[in-house]
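Bear in mind these aren't lab numbers, they're just calculated from the coordinates by the rules spelled out. In this text the structure is predicted, and so the values were computed from the model without any measurement. Using ideal geometry, Cβ is built from the backbone for each residue, glycine included, and neighbour counts are taken over all protein chains shown.
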Amino acid sequence: MKPIEDSAFIDLRLTPRASENRISDFREGVLYVRVTAAPVDGEANRAMIELLSKCLQVKKSSFEIIGGANNRKKRVRVNGLSGKLIEERINRSLVKCQTDP
């Protein structure tokens with residue numbers, strides 16, 4: 001994650017069509033996210049943002065996919081939180097944040 005004023009970037013790997021919506025891992029600076037939605041018409045991206053919004057306690061409008069919109073590897077900008085705070089919330093989310101499919 002690279003902080004820029006009141007925002008930070010998250011590098012992530014998205015797995016669509018998973019058995020559940022969850023943040024599965026955070027290693028080597030990459031967040032691993034699994035969603036049940038298919039990668040069709042942006043459905044998986046919307047599900048990813050909804051999950052991140054819930055887990056990181058940030059409004060959905062605070063997220064912007066700035067790289068990899070049509071790829072499993074993505075770069076997401078989160079406005080309104082520092083990189084340190086995002087990392088703390090990610091670590092907490094690894095333990096308890098999941099949503100129903």
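Screening the range 1-33 for residues that are within 13 Å of Arg72 (Cβ to Cβ) and within 9 Å of the chain's Cα centre (by Cα) and picking the one that is surrounded by the most Cβ atoms within 10 Å (Cβ to Cβ) gives Val33.
Taking every residue in the range 63-88 that is surrounded by 13 or more Cβ atoms within 10 Å (Cβ to Cβ) and pairing it with any residue that is basic (Lys, Arg) and in a helix (DSSP H, G or I), at least 6 positions away or on another chain, the pairs with Cβ-Cβ distances below 8 Å are Leu81/Arg89. Residues of the range 57-98 that are closer than 16 Å to Glu20 by Cβ and in a helix (DSSP H, G or I): Ser93, Leu94, Val95, Lys96. With respect to (1) free of Cβ contacts under 8 Å to residues at least 60 places away in the same chain; (2) outside any loop (DSSP other than H, G, I, E, B), the lone exception for Phe26 is condition (1). Against the list (1) part of a helix (DSSP H, G or I); (2) surrounded by 17 or more Cβ atoms within 10 Å (Cβ to Cβ); (3) of a type in the set (Lys, Arg), the condition Lys54 fails is (2).
Regarding the range 34-45, can at least one residue be identified that is touching a residue at least 60 places away in the same chain (Cβ under 8 Å) and either among the acidic types (Asp, Glu) or touching a Gly at 6+ places or on another chain (Cβ under 8 Å) (or both)? No: zero hits.
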